[in-house]
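Read the structure below first, then the notes.
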Amino acid sequence: MNDESAMKDESGLNDNEASLPKAPDSEKDNGAKTAQDARNLTTVCYLEQNGCYLMIHRTKKEHDTNKDKLIGLGGHFHYGESPEECMLREMKEECGIVLTDMKLRGIITFVSDVFGCEYMFLFSATEYEGAVAPDCNEGSLVWIKKEDLLKCSNLWAGDRIFLKLLDERSEFFSLKLCYKGEELTDALLDGARLHYSEQPELSKDN
């Protein structure tokens with residue numbers, strides 16, 4: 001009996017194998033599980049350079065939830081990815097760069113009467129390797145001054161809240177945003193309800 005077989009438990013798995021998540025049993029199950037796991041887990045990164053954020057103007061995809069909106073770069077998890085792995089992959093796919101100093105800043109819970117529930121891991125970064133691609137298959141890549149971005153009419157209302165939080169807070173935060181259609185109907189920061197407007201003052205109910 002070799003050392004590896006000696007380490008196996010009653011299930012036939014060694015210690016390292018037993019600690020890993022079980023993979024789906026078939027290609028069909030794998031596809032279904034991947035779709036199920038990834039559909040409501042996403043990442044987004046706001047990459048800052050010279051007082052500007054790199055944004056996507058989403059104009060190219062059919063049936064796009066974010067059609068014509070300005071949003072940060074990111075996307076849905078693949079099965080088994082960590083938030084960091086997902087974020088690195090999405091940045092490479094969407095604009096051709098590798099982030100070198102990304103930081104997880106918060107988690108955003110979206111609740112929508114149209115799109116259901118989504119949990120988004122929010123990152124920021126200032127450094128990267130490579131050259132930003134001139135375009136991507138989801139829309140136009142544009143650098144926008146941070147102060148101008150908050151004035152853009154094609155931002156989601158809730159995005160204005162967490163963009164302001166990125167500037168004002170260094171600590172990790174949890175933000176819940178509730179939508180009816182495209183109307184923001186409720187916002188809670190770290191469990192406390194926010195008073196907000198189109199240019200939100202981030203005061204909380206005590």
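We did not get these values from a lab; they are worked out from the coordinates using the rules stated. Here the structure is a predicted model, which is why all the values come from computation and not from measurement.
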Along the stretch 127-137, Karplus-curve 3J(HN,Hα) (6.51, -1.76, 1.60; θ = phi - 60°) to the nearest Hz, with x for Gly and Pro, reads 10, 7, 10, x, 10, 5, 5, x, 7, 9, 7
Over 23 Å (Cα to Cα) among Lys60/Lys92; Lys145/Lys180; Lys67/Lys180; Lys69/Lys92; Lys103/Lys176 -> Lys145/Lys180
In order over the stretch 53-59: 3J(HN,Hα) from phi, Karplus 6.51/-1.76/1.60, θ = phi - 60°, whole Hz, x for each Gly or Pro, gives 9, 7, 10, 10, 8, 7, 10
